[in-house]
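J.: Quick one: the structure is below, and I'll ask about it shortly.
The values are calculated or read from the model by the stated rules, or taken from the named source; none is laboratory data. A quick note: this is a predicted structure, and the numbers were derived from the prediction, not measured. A quick note on method: Cβ atoms are made from the backbone with ideal geometry, for glycine too, and the neighbour counts reach across all protein chains shown.
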Amino acid sequence: MPANTHGLLGCILAGGLSSRMGQDKALLWHNGTTLLERIYAVVCEIVPSVVVTRDRLYEGCPCLVEQGERTGPIGGIVRGLEEADRRNLRGILVVACDMPFIQTNTLQTLLDAEQDAPGALEILFCRRMVGGQQGKHDVFEQNLAAIYRLQCLPFLKDAIKQKKYSLRKCIPDEYKKRIWYTIEEEKNFLNVNT
């Protein structure tokens, strides 16, 4: 297990309703293990302390149970940041449980970028979209494979208070460190709905 030289808590988001899937995505089997167990193992290779945010406990992984109103991923990220703050860490490395192709080297790229971006609050992967439609983002952000620093909490809590749950709009662009990836690298971020 690596020493926590990064000061980050690993935070796996697994609290979704899985409404499109019709069953709990975290418990789907992929290559002999559940998606949740696979992501947990990958994140544990990068940071020594990892938790799972869910609406219920899951045996084998330390869980932070989300309570109250369902707010989507933003609620799990807030819960993870509060736990990181409680542990005197500076932020969280977030990965959604439904990204079966994410690799340790991809997450290491996030950690390396975080070291080079002391003023950024959110460090994330992005891809430029070609031929974007009017009113749509021409940048696609991977907010569920990202680093969030504790200073994100006021922005995220304010968004929840306003019932604005889109992660893309919570953190102002000037506080984001974007890591650009190509269409060929997109497999890392495919989720089980795609």
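J.: Take the residues in segment 175-186 that are surrounded by 13 or more Cβ atoms within 10 Å (Cβ to Cβ) and not hydrophobic (A, V, I, L, M, F, W, C), then tell me which one is farthest from Arg127 (Cα to Cα).
T.: Among them, the one singled out is Tyr175.
J.: Is it the case, given these coordinates, that Ala117 is touching a residue at least 60 places away in the same chain (Cβ under 8 Å), within 26 Å of Asp158 (Cα to Cα), among the aliphatic types (A, V, I, L, M) and touching a strand residue (DSSP E or B) at 6+ places or on another chain (Cβ under 6 Å)?
T.: Yes: the conditions hold for Ala117.
J.: Test Leu153 against the criterion of being at pLDDT 95 or above, farther than 30 Å from Thr34 by Cα, in a helix (DSSP H, G or I) and within 16 Å of the chain's Cα centre (by Cα), and give yes or no. Steps first, answer last, please.
T.: Numbers: at pLDDT 95 or above: yes; farther than 30 Å from Thr34 by Cα: yes; in a helix (DSSP H, G or I): yes; within 16 Å of the chain's Cα centre (by Cα): yes.
So Leu153 passes the test.
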